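Structure below; questions to follow.
The values are calculated or read from the model by the stated rules, or taken from the named source; none is laboratory data. Predicted model only: the values in this text are computed from it and were never measured. Heads up, the Cβs are rebuilt from the backbone with ideal geometry, glycines too, and the neighbour counts pull from every protein chain shown. All accessible areas refer to the heavy atoms of the entire protein, side chains included, with ligands and DNA or RNA removed. Shrake-Rupley method; radii C 1.70, N 1.55, O 1.52, S 1.80 Å.
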Amino acid sequence: MSASPVAEAPSSFPAVDGDGLLNAQRDAPVGGQAVLEGVMMRGVSNWAVAVRKPADAQSREGEPGNDAPAVDGVNGSSTGAPLGEIEVTTLPLDSAMKRHRWLRLPILRGVVALGGSMAIGFRALEVSANAQLPEEEGEEQEQAQEIPRAVWVGTVVFAVALSVVLFFLIPVGLTSLIKGQLGSSLLFWLVEGVIRTTLFLGYMLALSRIRDLRRVFEYHGAEHKTISCFEAGLALTPANAQRFSRLHPRCGTSFLLIVMIVAIFVFAPIGLPAWYWLMATRVLGVPLIAGISFELIKFAGRNRTRGWVRALMWPGLKLQLLTTREPDLDQLAVAIAALKAVLERETPGELSAADLVGVEVVA
């Protein structure tokens with residue numbers, strides 16, 4: 001299975017980092033997300049989820065029966081353990097920005113794109129979770145226990161609300177407790193920013209310590225390596241992708257760090273109004289902060305070869321060491337299957353350069 005020639009990324013000689021790993025030097029309108037035993041990839045007009053299904057009982061007992069397909073030379077686990085097949089689900093991407101050009105305005109397009117990415121991300125998690133069930137049970141669940149759209153909308157709303165409370169309301173609430181001792185809006189602004197960033201870094205560190213998430217972090221690394229391989233214009237094979245760094249300038253981890261920093265500057269001019277106004281601004285300011293952060297990370301992705309941009313990206317890249325792990329060739333094969341499924345369905349010439357603005361997602 002190969003990508004269409006028009007969908008291939010133009011060749012761009014990759015740079016070599018201090019660890020001898022490659023880094024792509026150009027940006028491409030593709031992104032993705034790690035899911036349960038798999039990877040979701042998103043292009044301009046389609047998105048796909050590739051999941052490694054559990055090996056059947058016969059394979060688990062070490063007997064013949066491993067039907068995992070070969071993907072560019074990979075068939076069976078690199079550790080010798082039996083593997084299940086790679087199941088790929090491909091769906092069209094219906095972005096609101098394609099229908100309404102006014103949604104492509106700077107800042108606003110970031111909010112719309114991130115909202116769409118969250119919705120796709122939760123749907124991809126649902127697909128990957130169902131793929132891990134035994135075949136008969138999975139079919140029954142799909143037919144009889146399909147999760148209603150309202151449930152997924154509620155899940156997205158709850159996740160956003162929890163993030164706002166944890167990283168915006170709690171910091172401003174804690175800082176308000178010592179508002180009188182600080183005596184100036186500058187100190188209040190600095191202390192709140194430090195508390196917010198500390199909570200975020202502590203949260204990321206705690207996630208990195210959860211053993212059950214290790215496989216997800218490995219697939220996260222596979223996603224990054226595969227996208228970088230495509231951006232560099234090399235053939236999409238596990239061996240080629242393995243040569244790239246697992247860190248990517250458009251990663252969602254870097255994006256979240258940018259959000260924490262941008263929030264400090266957005267809230268600075270507000271000063272020290274009453275506590276209820278402080279709380280209201282922290283909630284109402286979230287879309288603006290997300291939109292600005294989206295523009296910044298897209299700019300960084302497009303200008304990653306500039307020295308000063310690389311310097312600014314450095315903290316976010318290092319933070320990805322907590323949320324990514326080195327994948328094996330089998331996991332890279334899954335990520336490649338997802339990206340190839342997207343590339344095969346992209347229609348050459350369907351969208352103009354203007355249409356692409358804001359459609360790209362964070363890797």
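So how much slack lies between Ala206 and Phe265, counting 0.36 nm per residue of separation and subtracting their Cα-Cα distance, in nm?
Details: separation 59, 0.36 × 59 = 21.24 nm, distance 2.65 nm.
Fully extending the segment from Ala206 to Phe265 adds 18.6 nm.
Give me the net charge for the shell around Phe167: Cβ to Cβ below 13 angstrom, other residues only, Lys and Arg +1, Asp and Glu -1. Before the final figure, lay out the partial values.
On the way: positive: Arg196, Arg282; negative: Glu192.
Result for the neighbourhood of Phe167: +1.
Which FRET efficiency value, to the nearest 0.05, do you get for Ile178 and Arg243 by plugging their Cβ-Cβ distance into 1/(1 + (r/R0)^6) with R0 = 45 Å? Walk me through the intermediate numbers first.
On the way: r = 51 Å, r/R0 = 1.13.
Given R0 = 45 Å and the Cβ-Cβ separation, E is 0.35.
Now a separate question. Taking 0.36 nm per residue of separation and subtracting the Cα-Cα distance, what length does fully extending Leu213 through Ala274 add? Could the numbers behind the result be given before it?
Numbers: separation 61, 0.36 × 61 = 21.96 nm, distance 4.13 nm.
Answer, rounded to one decimal: 17.8 nm.
In addition: Would you mind getting the Kirkwood hydrodynamic radius of segment 180-273 from its Cα pairs, rounded to one decimal in Å? Present the calculation step by step, with values, prior to reporting the outcome.
Numbers: mean 1/r = 0.0621 Å⁻¹.
Averaging 1/r across every pair of different Cα atoms and inverting gives 16.1 Å.
Something else: Given R₀ = 22 Å, what would the calculated FRET efficiency be for Val164 paired with Leu187, taking r from the Cβ atoms and rounding to 0.05?
Details: r = 24 Å, r/R0 = 1.08.
Rounded to the nearest 0.05, the efficiency is 0.40.
Can you give me the distance in nm between label points at Leu322 and Ala96, each placed 7 Å from the Cα along the Cα-to-Cβ direction?
In this crude label model, Leu322 to Ala96 measures out at 3.1 nm.
Take Met97, Met279 and sort them by solvent-accessible surface of the protein heavy atoms, 1.4 Å probe, largest at the top.
On the way: Met97 0, Met279 55 Å².
Result of the area sort, largest leading: Met279, Met97.
So how much slack lies between Ala311 and Ala119, counting 0.36 nm per residue of separation and subtracting their Cα-Cα distance, in nm?
Details: separation 192, 0.36 × 192 = 69.12 nm, distance 3.21 nm.
Computed gain between Ala311 and Ala119 is 65.9 nm.
Taking the Cβ of Trp189 as the centre, find all other residues whose Cβ is under 13 Å away and add up their charges (Lys, Arg: +1; Asp, Glu: -1). List each step's numbers first, then the result.
Working: positive: Lys179, Arg196, Arg282; negative: Glu192.
Net charge in that neighbourhood comes out at +2.
Under the classification rounded if a/c is under 1.5, otherwise prolate if a/b is larger than b/c and oblate if not, where does segment 229-334 fall, given a ≥ b ≥ c as square roots of the Cα gyration tensor eigenvalues? List each step's numbers first, then the result.
Numbers: a/c = 3.25, a/b = 2.43, b/c = 1.34.
Prolate is the answer for segment 229-334, as a/c is 1.5 or above and a/b outweighs b/c.
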